[in-house]
Amino acid sequence: MNDLPRHTELDIAAIRAQFPILAQKIRGKDLVFLDSAASAQKPRAVIDAMVGAMETQYANIHRGLHWMSERTTDAYEATRDSAARLLNAADRHEIVFVRNTTEAINLVAHSYGRGILKPGQAVVISAMEHHSNIVPWQMLRDAHGTELRIAPITDAGELDIPAYEALFADGKVGLVAITHMSNVLGSYTPAERIVQIAHANGAKILLDGSQAIVHRRIDVQALDADFYVFTGHKLYGPTGIGVLYGKRELLEAMPPWMGGGDMISSVSYERSTWAQVPHKFEAGTPAILEGIGLNAAIQWIEAIGYDAIAAHEAALTDHGLARLSAIEGLTVIGRAQDRGGVISFTLDRAHAHDIATLLDRAGIAVRAGHHCAEPLMRRLGLESTARASFGIYTTPAEIDVLADTLLKVREFFQ
Amino acid sequence: MFEDVRDLYNATIIERGRRPRHMRRLDDFDVTAKGDNPMCGDRVQVWVKYAADSTIAATGFDARGCEISKAAADLMVEAVAGHTAEDTKRLFAAFLTLAQTGQCPDCAEALAPMQPLAAVHEYPSRVKCATLPWHALLAALDDKGNASSE
């Protein structure tokens, strides 16, 4: 794929035409969907792949000896190749399918955490994590006696690198689990650097790519990430399917997490033996249709190319920051230098929920609340923010509609 | 613009959300409880002082949240004044019906202060904002300490 010529500019009208839902009217108004960071809309290619599988080649996988099962197995397993290519993983066996990012992190916390980490070792997370990258480590701490350390962020919303590095001083850190891009602030973390620091101190590292992989090309080998996790539904794919990338030697050393069919080599009442990776971690019938849909999403992303996606979203983010910052009484939360298409804000005269309700009446979908990041909200001294997040189908004109409508929201609450 | 939201964001709700009349901590109280909406981050605490006859003599609250939750808390204080805990539970059941359906066939006159919130049923994601202070109040009356509107 890397040798194919890439578009440098997106034909947004053509892209939008591939998303049937964008033709919907909300209370008679054009839908302005600015909540892609929560879950992205689905292109025709994904919809057709899932419907097509149900209509023409569906059966359970990995066990059938008949035509339908073999074809479905091939289609599902092709997703593993696509995911490996998307991440530039060295080996397709390093791709474990899970339900979502949350499950991927829980898998690592349970298996690597209890199986490899020793009580008394520490896990480092950052002060801008989603609850999904906080709670599993708290549960590990309480069950296994590991310590949980929090790498602070600066007031600009960037990881405080010297403070992060200082957390390793006593040599107890065994694992780092940090977001690659904040779902609240839009900040990227300097992944190469934080991986280097972790490795230099003998720790492994998991990067939560839920947000980052939507906007940027990820190369797990260049990053030297030990684990990289993402979810399908934010990447224009279906819900119920996500990916845990893990270095093969780590996955092989880790004990299975859930037991059941598909993850075994043999079973007797005395003992069972485990399948090879990645199947060791894939107990039970998986999300077959969703896996097939994810393959369509990955191929769709690859056809457009990350260069074009990143350029489009950088322009949108610049435009969004300029338009929103110009609104009197509006405060953009987080001012990271390296940031993606997520803008959280507060408005002096209106609570985030009231903003969201009024915007909704104008056909504009935003998120409001604590964004599943309560500790970050406390760090910022906030209860909630409104958040506009951009996708590949977002247009500058939609951001103008948001900004113009926010001016009227402010008038409404004066 | 936004004329269609005036059913919910009416003059009473805006005024009570902006300048609540009863948003204060009671120093002299019998029971208190916190209410928390974990999905959106709204928080409220309610303090109650009973009269000698076990009716509610005074209610105070502190709220961090949207206009709807603050206005609902402020109006609730007036609705429950003078009622027993049992009466208050019946009032909440009636208010819940009003908030969820917009109709309240057996609404007592006592619930009249809550009528400005009747349109919240048109905004399903906001019903929990309007009911959060009531959940906190009932937790206080049951001496439970905490409540959630989820």
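The values are calculated or read from the model by the stated rules, or taken from the named source; none is laboratory data. All values derive from a computational prediction rather than experimental measurement. Neighbour counts run over all protein chains shown; Cβ positions are idealised from the backbone, glycine included.
Data for the structure
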read-out: Number of the exception - B:Arg21 against (1) surrounded by fewer than 17 Cβ atoms within 10 Å (Cβ to Cβ); (2) modelled with pLDDT under 95; value: (2)
read-out: Options B:Gly60, B:Gly82: the member that is surrounded by fewer than 23 Cβ atoms within 10 Å (Cβ to Cβ), within 12 Å of the chain's Cα centre (by Cα) and free of Cβ contacts under 8 Å to residues at least 60 places away in the same chain; value: B:Gly60
read-out: Hey, A:Thr331 of a type in the set (S, T, N, Q) and not assigned by TED's automatic domain parsing to the domain that holds A:Thr72 or not; value: yes
read-out: Criterion violated by A:Leu244 - all others in (1) modelled with pLDDT of 95 or more; (2) in a strand (DSSP E or B); (3) over 17 Å from A:Ala104 (Cα atoms) satisfied; value: (3)
read-out: Test: residue in region A:151-158 that is touching a Leu at 6+ places or on another chain (Cβ under 6 Å) and hydroxyl-bearing (Ser, Thr, Tyr); value: no
read-out: Of all residues making up region B:39-57, the number that are touching a residue at least 60 places away in the same chain (Cβ under 8 Å) and of a type in the set (D, E, K, R); value: 1
read-out: Considering residues of region B:1-59 that are more than 28 Å from A:Thr385 (Cβ to Cβ), out of contact with any Ser or Thr (no Cβ under 8 Å at 6 or more places or on another chain) and aromatic (Phe, Trp, Tyr) only, the residue nearest to the other protein chains (Cβ to nearest Cβ); value: B:Phe29
read-out: Segments classed as helices (runs of 4 or more DSSP H), wholly inside region A:83-189, with at least 2 members that are closer than 19 Å to A:Ala212 by Cβ and assigned by TED's automatic domain parsing to the domain that holds A:Lys234; value: A:101-115, A:161-166
read-out: Sole exception among (1) on the phi > 0 side of the Ramachandran plot; (2) within 16 Å of the chain's Cα centre (by Cα); (3) small (Gly, Ala, Ser) for A:Gly260, by number; value: (2)
read-out: Candidates A:Thr189, A:Thr146, A:Thr179, filtered to the one that is more than 18 Å from the chain's Cα centre (by Cα), closer than 23 Å to A:Lys247 by Cβ and in contact (Cβ under 8 Å) with a residue 12 or more places away in the chain; value: A:Thr146
read-out: Residue that is nearest to the chain's Cα centre (by Cα) [pool: residues in region A:25-53 that are surrounded by fewer than 15 Cβ atoms within 10 Å (Cβ to Cβ) and among the charged types (D, E, K, R)]; value: A:Arg44
read-out: Members of region A:191-214 found to be in contact with a Leu (Cβ under 8 Å, 6 or more places away or on another chain), part of a strand (DSSP E or B) and crowded, with 24+ Cβ neighbours inside 10 Å, listed by number; value: A:Leu206, A:Leu207
read-out: Any hit, region A:387-402, residues being within 10 Å of chain B (Cβ to nearest Cβ), surrounded by 24 or more Cβ atoms within 10 Å (Cβ to Cβ) and not charged (D, E, K, R); value: no
read-out: Residue match in region A:329-346 (condition: under 23 Å from the mean Cα position of the chain (by Cα) and among the acidic types (Asp, Glu)); value: yes
read-out: Failed item, numbered, when A:Pro20 is tested on (1) in the same structural domain as A:Thr394 (by TED's automatic domain parsing); (2) crowded, with 16+ Cβ neighbours inside 10 Å; value: (2)
read-out: Pairs with Cβ under 7 Å, 6+ apart, first in region B:98-126 and at positive phi, second in a helix (DSSP H, G or I); value: B:Gly102/B:Ala118; B:Gly102/B:Ala119; B:Gly102/B:His121
read-out: Qualifying residue in region A:19-26 (condition: at pLDDT below 95 and either under 15 Å from A:Ile392 (Cα atoms) or assigned to a strand (DSSP E or B) (or both)); value: yes
read-out: In region A:234-275, residue nearest to A:Asn100 (Cα to Cα) [restricted to those that are surrounded by fewer than 21 Cβ atoms within 10 Å (Cβ to Cβ) and of a type in the set (Val, Ile, Thr)]; value: A:Thr239
